[in-house]
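The next block holds one structure in the form of structure tokens; read it before the comments.
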Amino acid sequence: MSTNPQADVLSTELPTRRATHPRLAPVPRTTTRRRGPRPGRIAGYVLIAAVMVLYLFPLLFLLNTALKSNAEFNADPVGVLTSINFGNFASAWVKGNFGAYILNSVLYTACAAGLGTLVSLLLGFPVGRGYFKHTKLWNLVFVLMLFLPNALITQFQLVRNLGLYDNRLGYILIMAAGVGVGPILMTGFVKSLPKELDEAAALDGIGYWRYLFTFVLPLARPAVATIFILQAIGVWNDIILATILLPDQSKSPLTLGLFAFQGTYTSQWGLLSAATLIVAAPLVIAYIFLQRYLVGGVIGGAVKG
């Protein structure tokens with residue numbers, strides 16, 4: 001028999017305290033069953049994989065052809081390459097004179113896309129804010145502009161009468177005028193910006209142009225980047241207007257170099273595929289690094305607007 005009655009009381013009360021106290025109570029083991037992926041999610045993954053294959057297959061097939069020698073392509077045109085041949089890219093670069101053409105394309109793309117983005121900002125902001133009358137009519141005009149055909153004869157006559165035929169400036173101005181969906185995206189994005197910013201800027205005495213370029217432009221960076229990318233793609237891939245307005249080959253963009261290259265070396269498919277990849281590579285690289293701006297700008301202009 002214990003001589004310490006206090007210890008006996010503690011020993012009898014300890015199991016009861018352990019069972020009732022949250023820190024001392026034993027933690028029950030719960031068995032959770034892992035649920036497998038849902039059929040809807042699996043179907044979504046399969047659909048995404050199918051779309052990726054659908055879009056990547058032409059590019060991979062073109063790369064496969066570009067890395068083949070002429071003899072290997074003639075032996076098996078659609079087969080997977082057995083040896084890598086980078087000589088087609090060097091030959092295409094030299095024979096196509098892409099070193100001179102690519103500088104022209106960079107100049108045209110940067111200037112025309114920059115001017116087109118500026119025009120979209122100048123049009124989209126006042127319409128989105130309602131500073132113009134008949135806002136719905138302006139939005140309808142922006143939409144109708146997407147469906148109007150390209151007036152080649154009118155543009156040719158305009159450039160010729162202005163003395164800008166066979167001139168880099170004339171080509172840049174014509175390409176910059178094709179704003180496309182730029183005003184629509186800018187209008188939708190501007191509607192998501194609070195109007196209290198306009199009122200606060202007006203109270204502080206900030207002018208319209210200063211407010212537009214120092215406040216609105218930084219806030220609308222996703223939409224501006226998206227518009228610039230879409231404009232740049234259109235200018236970079238243009239071949240019709242460049243053929244009509246720039247007869248001088250020294251002023252030709254990269255696409256015209258590819259067009260002439262195709263007519264000269266049609267039998268050398270590996271060389272032609274390498275030239276096509278050279279033309280498409282800058283756009284692919286730019287899209288990889290700027291796709292988050294593209295998606296963000298489109299979603300911001302469509303959903304928030």
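Please give the charge dipole size of the range 150-297, origin at the Cα centre, charges +1 on K and R Cβ atoms and -1 on D and E Cβ atoms. Round to the nearest 20 debye.
The calculated dipole for the range 150-297 is roughly 140 debye.
Taking the highest mean first, how do the peptides 118-127, 181-190 order by number of other beta carbon atoms within 10 angstrom per residue? Let's see the in-between values first.
Details: 118-127: 21.0, 181-190: 25.4.
Descending packing order for the listed peptides: 181-190, 118-127.
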When the convex hull of the Cα atoms of the range 39-85 is projected onto a plane and the area is averaged over all directions, what value comes out in nm²? 3.8 nm²
Restricting everything to alpha-carbon atoms, can you work out Rg to Rh for the range 69-138 with a Kirkwood hydrodynamic radius? 1.41
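Values in this text are rule-based calculations from the coordinates and carry no lab data. Every value quoted in this text rests on a predicted model; they were computed, and no experiment measured them. Glycine gets a Cβ as well: all are built from the backbone with ideal geometry, and neighbour counts include every protein chain shown.
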